[in-house]
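The values are calculated or read from the model by the stated rules, or taken from the named source; none is laboratory data. Everything numeric in this text was worked out from a predicted model, so none of it was measured. Cβ: placed from backbone, ideal geometry, glycine included. Neighbour counts: every protein chain shown.
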Amino acid sequence: MPTTFSVQYEGRTIEVVPDAITERDRVRLLVDGETVAGSKANGRNTVLAGDGLEVRAVMPFWGGSVTSASLVVEDGEIELEPEPGTRAARRAAFARAHPKLYASRHVVSGAAQVAAAIIGFTFLLGLLPDISIDLPDIPLPAIDLPDIPWPSVDLPDIAVPGWIKAIAESKQYWLPILVGLLLASRELKRRKQLRRG
């Protein structure tokens, strides 16, 4: 059974109810128990608008569940609460109790992706047979191009230090972790704003 998210706002009960994944990849917006809007699952960009309300939901593209939902109001967003006793409710309680640790999941995810890529690539290289192919020499035609007189400009000799080259060449390892840190920082700021609002 999919988890329902709800909040009381201006005397009304606002609920986001995903349809079961076996039925359809849709989610519905209910106000006081009546369906006012429906939408197809669209990942992080799932928006439900109806009866003067707009709710943003985060769900997988195939539907079936909602990870989080928030009601858009004039001065920000109000987070909808998941049904008590569900996995989403435990996750929300953990996020409230440990906001920095919860936000750091992006960093852990980035580091895990890098580690998995390195291990997988190394494993695949070990499976490949040692192949050597002798390619024939293909003669290319000689083309005489005219000489173009370029102005001579004396530019200073700039040598990039070796440590900068090493950092640039290893970006596939540190870039996912840096992106994870930025996402964690944004998530932490967003949660602080939601708590104030």
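Computed quantities for the displayed model
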{"read-out": "Flag for LEU175 being surrounded by 10 or more Cβ atoms within 10 Å (Cβ to Cβ), in the same structural domain as SER104 (by TED's automatic domain parsing), at pLDDT 80 or above and touching a His at 6+ places or on another chain (Cβ under 7 Å)", "value": "no"}
{"read-out": "Enumeration of residues in the stretch 72-113 that are among the acidic types (Asp, Glu) and under 20 Å from PRO18 (Cβ atoms)", "value": "GLU77, GLU79, GLU81, GLU83"}
{"read-out": "Near pairs, Cβ below 6 angstrom, 6+ apart or cross-chain, from the stretch 68-95 (under 15 Å from LEU30 (Cα atoms)) to any residue that is polar (S, T, N, Q) and modelled with pLDDT under 80", "value": "PRO82/THR3; GLU83/THR3"}
{"read-out": "In the stretch 40-65, the residues that are touching a Leu at 6+ places or on another chain (Cβ under 9 Å), crowded, with 18+ Cβ neighbours inside 10 Å and either at pLDDT below 80 or under 17 Å from GLY11 (Cα atoms) (or both)", "value": "LEU53, VAL55"}
{"read-out": "Selection within the stretch 82-112 - surrounded by 17 or more Cβ atoms within 10 Å (Cβ to Cβ) and of a type outside the set (Val, Ile, Thr)", "value": "PRO82, ALA88, ALA92, ALA95, TYR102, ALA103, SER104, HIS106, GLY110"}
{"read-out": "Test: residue in the stretch 54-71 that is of a type in the set (Lys, Arg), over 18 Å from the mean Cα position of the chain (by Cα), under 21 Å from ASP19 (Cα atoms) and in the same structural domain as VAL17 (by TED's automatic domain parsing)", "value": "no"}
{"read-out": "Count - residues of the stretch 1-19 that are surrounded by 13 or more Cβ atoms within 10 Å (Cβ to Cβ) and modelled with pLDDT under 80", "value": "3"}
{"read-out": "Criterion (within 19 Å of GLN8 (Cβ to Cβ), at pLDDT below 80 and among the charged types (D, E, K, R)) met by exactly one of ARG105, ARG96", "value": "ARG96"}
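For (1) among the charged types (D, E, K, R); (2) assigned to a loop (DSSP other than H, G, I, E, B); (3) touching a Ser or Thr at 6+ places or on another chain (Cβ under 8 Å), each residue gets a yes or a no:
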{"site": "PHE121", "(1), (2), (3)": "no, no, no"}
{"site": "LEU125", "(1), (2), (3)": "no, no, no"}
{"site": "ASP130", "(1), (2), (3)": "yes, yes, no"}
{"site": "PRO139", "(1), (2), (3)": "no, yes, no"}
{"site": "ALA142", "(1), (2), (3)": "no, yes, no"}
{"site": "LEU145", "(1), (2), (3)": "no, yes, no"}
